[in-house]
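Structure, as structure tokens:
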Amino acid sequence: MNRSTLIKTLLPLGLAVVVVFFSAFTFVVQEYEVALKLRLGEIVADQYDPGIHFKVPVLNQIKKFDRRLQTLDSQPERFLTVEKKDVIVDSYAKWRIAQPAQFLRSTGGSNARTSRLLSERINTSLRDEFGKRTIQEVVTDDRLALMELLTKEVNANAGDLGVEVIDVRVKQIDLPPEVSESVYQRMRAERERVARDLRAKGGEAAERIRADADRQRTVIIAEAYKEAEETRGEGDAKSAEIYAKAYTRDPDFYAFYRSLEAYRNSMGEGGNMMVLEPDSEFFRFFREADGQP
């Protein structure tokens with residue numbers, strides 16, 4: 001085996017040894033992590049910046065934790081208000097690791113155990129604060145002040161866990177199902193009563209408007225009939241006056257014209273039959289042109 005072949009054979013092996021040696025004696029801390037170095041189970045260092053750091057294999061163990069904000073979404077719990085009324089409260093909290101060494105000693109580095117211990121502290125604070133307030137106070141503007149107070153209390157109580165509680169919020173406050181149903185029934189009955197009252201008022205207003213419209217219609221028809229009769233009377237009077245003037249101007253012609261109208265109406269296309277004596281007054285213009293006997 002020549003030298004170049006030997007180098008090609010040993011080079012990958014040497015690189016593998018270097019990689020194994022490097023990984024055994026170093027560890028990497030990411031930007032979002034905190035790390036603890038332990039020697040035989042005892043914490044010897046807890047302040048590491050992001051980057052590569054050295055350790056002694058077997059002798060040192062490295063514990064890494066996520067230092068980003070964590071969300072604890074608790075299960076809804078039932079609490080009593082100062083009025084001795086049950087409410088179901090759904091809350092959540094935002095927390096992060098503040099003291100890695102204390103966090104490891106108190107919780108063993110388990111997020112599940114941390115969530116359980118934090119939930120107990122949050123529920124205790126919620127029970128105490130809700131027990132001092134009425135339902136009206138916890139659902140109105142005082143709710144914001146309650147959230148700030150809860151955050152301070154829980155953060156102080158969680159100091160022994162090595163975590164910092166950033167925020168505690170109440171998502172929803174509900175009444176128990178057995179109470180909610182009775183409340184809904186009362187609300188429904190109240191809404192129905194209001195609806196009936198509004199419908200009654202609307203019906204009364206409709207009748208009043210309808211009666212007023214009927215009255216106005218009757219008045220308008222009466223006034224229109226009055227004006228029509230007056231106009232008709234005036235027209236008849238003017239017509240009679242015109243007829244009278246025309247008659248007095250030429251009585252003979254008027255009598256002749258009226259007779260022609262009578263002839264036309266009685267002997268028109270209707271096919272009616274009329275029996276009269278030839279020497280009657282009706283036919284006087286047939287005997288003489290001037291209508292004289």
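Here, each number is a calculation from the coordinates, and none is a lab measurement. The shown structure was predicted, so the numbers you read here are calculated from the model rather than taken from an experiment. Cβ sites come from the backbone with ideal geometry, for glycine too, and all protein chains shown count toward neighbours.
By the beta-carbon count within 10 Å of each Cβ, the least crowded to most crowded order of Met187, Met147, fewest first, is Met187, Met147. Which of Gln70, Gln136, Gly108 sits farthest toward the positive end of the charge dipole of region 70-174, with +1 on the Cβ of Lys and Arg and -1 on the Cβ of Asp and Glu? Of the listed residues, the answer is Gly108. Annotation for Val58 and Ala255: the two label points, set 7 Å from Cα along the Cα-Cβ direction, are 16.3 nm apart. Residue ranges 216-223, 56-63 sort as 56-63, 216-223 when ordered by packing (mean number of other C-beta atoms within 10 Å per residue, highest first). An ellipsoid equivalent to region 70-174, defined through the eigenvalues of its Cα gyration tensor, has semi-axes of 27, 12, 11 Å when rounded to whole angstrom and sorted largest first. The stretch between Lys84 and Val194 holds 36.5 nm of extra length on full extension. This uses 0.36 nm per residue minus the Cα-Cα distance. Per-peptide packing, taken as the mean over residues of other Cβ atoms within 10 Å, places 229-242, 42-55 in the sequence 42-55, 229-242 from highest down.
With K and R counted +1 and D and E -1, the other residues having a Cβ less than 13 Å from that of Arg217 yield a net charge of -1.
Pairs exceeding a 18 Å alpha-carbon distance, out of Lys94/Lys171; Lys84/Lys132; Lys84/Lys171; Lys64/Lys94: Lys84/Lys171; Lys64/Lys94. Each peptide among 77-88, 110-121, 243-254 gets the average number of other Cβ atoms lying within 10 Å of its residues, and from highest to lowest they stand as 110-121, 77-88, 243-254.
The residues packed around Arg96, meaning those with a beta-carbon under 13 Å from its beta-carbon, carry a net charge of -1 if Lys and Arg are +1 and Asp and Glu are -1.
Placing dummy labels 7 Å off each Cα toward the beta-carbon, the span from Asp167 to Glu129 is 1.4 nm. Amide hydrogen proximity for Ala45: with H placed 1.01 Å from N in the peptide plane, the residues at 5 or more positions away or on another chain lying under 5 Å are Lys37.
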